[in-house]
Every structure is written in structure tokens, then in C-alpha cells.
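Structure record follows, encoded as C-alpha cells.
Any read-out appearing in this document is the output of simple, stated calculations on the displayed coordinates, not a laboratory observation. None of the values given here were measured: they were computed from a predicted structure. Counting neighbours? That spans all protein chains shown, and the Cβs are built from the backbone with ideal geometry, glycine included.
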Amino acid sequence: MRLVLVGPPGAGKGTQAAFIADHFGIPSISTGDLFRSHVAAGTDLGKEAKRYLSTGELVPDEITINMVAGRLDDRDTVGGFLLDGFPRNVPQAEVLGRLLKDRGLELDVVLELVIEPEEVIRRLSGRRTCRGCGKIWHIEFDPTARPGVCDRCGGELYVRDDDQPETVRHRLEVYTEQTAPLVDYYAATGRLVGIQATGPVEDITARAIDVLEGFTE
Ligand code: AMP
């Protein structure tokens, strides 16, 4: 199964990506995670990407596409893959289509996680990340016993740059302007399915797997 997940920041793409990829036995490829690991490792790519990540802007297409193209050539994608956070605009989608076509492949399905902007702001601005172990908590939905302290490792919790309220608002604007047009782009291919991304996580996963099963050969 070759699958793309689209949806605004905070729709739960990362969480659902892990469950869906596990269910279908395919790797989950998150461009946000790839960028964050480059930033953490201090690579040239990471140094270049850092300023875009911290403001919520998209990293330039050329950098992003080269990184994804390299990743799609890894052997573990032979049986399919799930892309989380890529493509993020129509030009990236066009390049992805060409990359796959050159390899004699095409996307099976694009899954849209549908959620209201107010819910996104509530979810993202309450997120707290542990400096010690990286675990993500939420002040409202998944609070720690002591505010500001990780239950798992005792580490200090902080607000990721891209979860700061100003940045969250900007990421939503970027989504509306640049990424939302992808929904129409993929709808025209007849491969787009949308599911509601609110309610218990396991219900959303069940909904996702249910519709995706319809696209397996
Ligand atoms: P995410 O974790 O998917 O929300 O991505 C975090 C940040 O990484 C985004 O706000 C962008 O700065 C950058 N990013 C992730 N995916 C892409 C992409 N496909 N194109 C450009 N920038 C991206």
C-alpha cells in the first residue's frame, strides 16, 4: 500500500501514521521527523531547515524533495510506504507523482484527517514535550502528575518552538494557503478519502483502517 496522509497540524497524523503503518506492515515516513532529526544531529540540511521549522514556514521544495526522494529509494519502501507531512503543496505532489511514475508506481490512496481549526489550536498549544525522553504530554488531555515534570523520566517539560501559540496560528495559515489545495488536487484523481479525526484515538484508527482496507489489492 502506498499511502499519503494529509490534514492540518495537530490532526494526529503522527499518531495515526504509526498505527496505520504498523497495521499494513509498511514504513511511516514523516518529513517533519526527518527534518527534526537533521536539526538535532546538526547536519548541513538541519542547519538550513531549522529557521523554517521554528517559524512554521515550509522548508523550500528543493531541499524537501531531495530528502524524500532519497528516503523512497531505501529498500524498506519496496512493499509500500506511508507519507506523513509530504507532499505539503501542489508542486511537491506533482514531483511525487513523477518520482513514483519513473519507478513504475503510483499512489493507492490519500487519506485526509478532517478537523476544525479551533480544535487544532486547543490540541497543539497544550502540548508539552519532555527534554529528557522526548515524550509528548498534554496539559488537558494527557497531563503529568506534577505540572512541568515528566512522569516517565522526571525530565523538564517545554513547549516546542513550533507549538508556541503564534507559530501554531501561522502553521494553520500555511496549511490553509498551501496544503489544503492538495485535497482538491487528489480528489480529482479519485483516490482521496476523508475521515473525521476527532474522538478517541482508537476510534479514529479503526475508521482509518476500515476505509483503507478498501484500497488494498
Ligand atoms: P510536521 O511535524 O509535519 O508538522 O512538520 C514540522 C515542520 O517541518 C513544518 O512546519 C515545516 O517547517 C517542515 N516540513 C515538514 N514537512 C514538510 C514538507 N513536505 N515541505 C516543507 N516543509 C516541511
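Tell me, what is the FRET efficiency for Glu57 and Val193 to the nearest 0.05, using R0 = 30 angstrom and their Cβ-Cβ distance as r?
Values: r = 29 Å, r/R0 = 0.96.
The value I calculate is 0.55.
The angle separating the long axis of helix 201-213 from the principal Cα axis of greatest extent in the chain is about 10 degrees.
What is the antiparallel percent of DSSP beta bridges lying wholly in the chain, to the nearest 5? Restricted to the chain, the bridges split so that about 30 percent are antiparallel.
Extension gain for Val149 to Asp184 (0.36 nm times residue separation, less C-alpha to C-alpha distance): 8.3 nm. Here the extension length gained between Asp203 and Glu48 equals 52.0 nm, from 0.36 nm per residue of separation less the Cα-Cα distance.
Relative contact order of segment 86-153, taken over Cα pairs closer than 8 Å and 6 or more residues apart, is 15 percent. Helix 13-24 and the long axis of the chain differ in direction by around 50°, with both axes built from C-alpha atoms. Of interest is the spacing of the C-alpha centroids, which for segment 67-86 and segment 159-173 amounts to 27 Å. Ranked by the mean number of other Cβ atoms within 10 Å of their residues, highest first, the peptides 84-90, 179-185 come out as 84-90, 179-185. For the chain, find the longest principal axis of its Cα atoms and tell me its angle to the long axis of helix 44-55, 0 to 90°, nearest 10. So the inclination is approximately 70 degrees.
If you take every residue apart from Gly97 with its C-beta less than 12 Å away from the C-beta of Gly97, what net charge results, scoring Lys and Arg +1 and Asp and Glu -1?
Details: positive: Arg2, Arg98, Lys101, Arg103, Arg191; negative: Glu94, Asp102, Glu106.
Charge balance in the 12 Å sphere: +2.
Charges were assigned to the Cβ only: +1 to each Lys and Arg, -1 to each Asp and Glu. The resulting dipole of segment 14-87 about its Cα centre is roughly 200 debye. Only Cα pairs under 8 Å and 6+ residues apart enter the sum, and on that basis the relative contact order of segment 102-217 stands at 33 percent. Here Val211 and Phe141 are evaluated by their C-beta separation; at R0 = 35 Å the FRET efficiency comes out at 0.90. Of the peptides 132-140, 16-24, the ranking by mean beta-carbon count within 10 Å, highest at the top, reads 16-24, 132-140.
Let me have the relative contact order for the chain, percent, based on Cα pairs under 8 Å that are six or more residues apart. Intermediate results must be reported in sequence, preceding the final value.
Working: 308 pairs, mean separation 64.8, N = 217.
The value is 30 percent.
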